[in-house]
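Have a look at the structure below before the remarks.
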Amino acid sequence: MSNVENYDAFFTPGVEAPSTTSKQTEEYNPTADKGKGGLYQSIIRFIPWHQDPKHGSIQEKWVSYLVDPVTQRGRYIDCPSSMGKPSPLQDIYWKLRKSESVQMQKLAVNFSRRHSYASLVQVIRDENNPEAEGKIMVFRYGVKIWEKIQAELKPVIGESHDPFDILQGKAFALVITKVSGFNNYDQSKFVDKRIPLCIPNADGKLIPITPQSNKKEIFEWVKTNSPDLSKYSYKEWDQDTYDYVNHVIVAVTGEGTVSQKYANVVSKDSAAPKPGTAGDTTLQGKAGITSSDISVDDLDLGGDNLDIPDLDLGNLSGSKGVSDLGDLDDIIGKM
């Protein structure tokens, strides 16, 4: 190895920044911790998936977060029960739950599952992440937001509404607070005003589409600018997944021999799930503003650089020190 110093390279390094991963750029991951004072608020609208608008716009599956007690690392595992298949995760969960041993019953929580959903959204207004505005991104969410979507599609009272209709879909006011250390979405809601998909014109200005817009051009723009939602559907287990699940089962229950493949791994990573997902059960640390402190009527989204016509949502004036905002024409923008 040469000891000759390359002074020219040092003074003119030409550093190249590493490209961000698709997961970082394609996912919309708002959390209370990323908001102002423990409160995150934005306006989004749901977008149909161009490959399968009717059946694929909501990707649904059961997931388990398995923590390896040997390494203290964890990873999400798609549960085969998502596809109606036998699941080793469910087998061990119910075996432990039905055990006569109280200690074994408590271990069942290590193999619990939860519903996970993913859809495409267009970010309309987000002062916490202005670079996302106008983009179509993947939004992963939990059962609470899914229930709000279901309430629009199949209301008990009143007319149904399709949030994924690109012309007549309602805006969704996303309000994330923190309750007992968890992200809370109770104050999020669909607002009454419809908001069309917006696409940039030649000058890069976002323009709402109309019934007279060219359908082919709209479809091609959505196709080109949408992440691949199929990556968020259920994935069949490979051998590595089987090995990991078997290892965790053995390590947690103490039955069998711990695999040296994992036993030799040393990690300081926390066993807690990674923060930042949109699921309703994501742990986020100590409580900040709670759902009782703020409501959707207190939204303060500001800004005037997005032109959305006729979006009067009524008075959104704040009652807890938030300035009087008027209607959504003032919040999102004016023509």
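Please treat every number below as a calculation from the coordinates, not as lab data. Note that this is a predicted model, so its numbers are computed, not measured. No Cβ is skipped: glycine too gets one built from the backbone with ideal geometry, and neighbour counts run over all protein chains shown.
So for each of 208-220, 48-60 I average, over its residues, the number of other beta carbons within 10 Å; can you give me the resulting order with the highest mean first?
So the order, starting with the most tightly packed, is 48-60, 208-220.
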>> With 10 angstrom as the radius, rank Ser119, Ser82 by how many other C-beta atoms surround their C-beta, starting from the fewest.
In response: Ser82, Ser119
> Fewest to most neighbouring Cβ within 10 Å: what's the order for Glu236, Glu26?
Replying inline: Glu236, Glu26
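Gln105: net charge of surrounding residues, Cβ under 14 Å, Lys/Arg +1, Asp/Glu -1, itself excluded? Before the final figure, lay out each step's value.
Details: positive: Lys95, Arg97, Lys98, Lys106; negative: Glu100.
Combined, the nearby Lys, Arg, Asp and Glu give +3.
For a protection proxy built on the mean count of beta-carbon atoms within 10 angstrom, sort 163-176, 122-135 highest first, please.
Values: 163-176: 21.4, 122-135: 19.4.
With the highest mean Cβ count within 10 Å placed first, the list reads 163-176, 122-135.
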> For segment 133-201, how many pairs of lysine residues have a Cα-Cα distance under 19 Å, where the two are 8 or more positions apart or belong to different chains?
Replying inline: 15
> Mind checking the dipole of segment 24-102: about its Cα centre, +1 per Lys or Arg Cβ, -1 per Asp or Glu Cβ, Debye to the nearest 20?
Replying inline: 140
>> Please arrange Glu27, Glu100 by how many other C-beta atoms lie within 10 Å of their C-beta, fewest to most.
In response: Glu100, Glu27
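Could you state the per residue volume, in Å³, of the convex hull enclosing the Cα atoms of segment 162-259? Mind dumping the intermediate values first?
Values: hull volume 21.2 nm³, N = 98.
Once divided by residue count, the hull of segment 162-259 is 217 Å³.
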> Relative to a virtual label point 7 Å from the Cα of Met83 in the Cα→beta-carbon direction, which members of segment 231-251 show backbone nitrogen distances below 12 Å?
Replying inline: 233-238
